1. If I ask for residues that are under 15 Å from A85 (Cα atoms) and within 11 Å of the chain's Cα centre (by Cα), which ones from the range 19-57 would you list?
2. T103: surrounded by fewer than 21 Cβ atoms within 10 Å (Cβ to Cβ) and under 20 Å from P11 (Cβ atoms), yes or no?
3. Of the residues in the range 59-76, how many are out of contact with any Asp or Glu (no Cβ under 7 Å at 6 or more places or on another chain), surrounded by 13 or more Cβ atoms within 10 Å (Cβ to Cβ) and small (G, A, S)?
4. Criterion first (more than 26 Å from P11 (Cα to Cα), out of contact with any helix residue (DSSP H, G or I) (no Cβ under 6 Å at 6 or more places or on another chain) and either surrounded by 19 or more Cβ atoms within 10 Å (Cβ to Cβ) or modelled with pLDDT of 95 or more (or both)) does Q95 satisfy it?
5. With respect to Q80, determine if the residue is among the polar types (S, T, N, Q) and under 10 Å from the mean Cα position of the chain (by Cα).
6. Here are the criteria: (1) among the hydroxyl-bearing types (S, T, Y); (2) out of contact with any strand residue (DSSP E or B) (no Cβ under 7 Å at 6 or more places or on another chain); (3) exposed (fewer than 15 other Cβ atoms within 10 Å of the Cβ). Tell me which single one S53 does not satisfy.
7. Specify the residue that is nearest to I15 (Cα to Cα); the eligible residues are those in the range 77-92 that are among the small types (G, A, S) and crowded, with 20+ Cβ neighbours inside 10 Å.
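The values are calculated or read from the model by the stated rules, or taken from the named source; none is laboratory data. Every value quoted in this text rests on a predicted model; they were computed, and no experiment measured them. When we count neighbours, we look across all protein chains shown, and the Cβ atoms used for this are built from the backbone with ideal geometry, even at glycine.
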Amino acid sequence: MPAADQNTTPPGFSITLDADASEPRVVVTGELDLLTSPQLQETLGALITEKPSGRVVADLTGVTFFDSSALNVVLQAQRQAAEKAVELEVVPSPQVSRVIELTGVAEHLSVSEEPPA
């Protein structure tokens with residue numbers, strides 16, 4: 001059986017970066033899982049590394065599925081942001097909120113229930 005092409009993006013999945021805003025925003029739609037989480041990790045990691053300080057927003061309001069690999073990426077990004085004196089704000093969809101609630105990691109994340117402006 002051939003290995004899955006890791007560059008394949010599932011239908012309905014997208015990551016949009018608005019780095020020109022005063023608060024850079026990463027907007028994710030679709031399913032965040034083992035296949036798509038590395039794309040979020042790469043985008044957030046690069047943005048946090050390039051930002052000297054301030055805040056980065058991870059807008060996950062369009063996420064329809066969120067598994068443990070996606071949660072791990074968000075937690076790693078939070079640690080990376082803290083090391084760089086950058087605040088990572090997570091704006092979750094109901095599905096993301098549920099995973100954060102069930103796993104008890106909310107205290108380790110800056111979660112905003114307000115949709116981004």
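1. Scanning the range 19-57 gives L44, G45, V56, V57.
2. Details: surrounded by fewer than 21 Cβ atoms within 10 Å (Cβ to Cβ): yes; under 20 Å from P11 (Cβ atoms): no.
Here the answer is no, as T103 does not meet what is asked.
3. The total comes to 1.
4. no
5. no
6. Looking at each condition in turn, S53 falls short on (2).
7. A77
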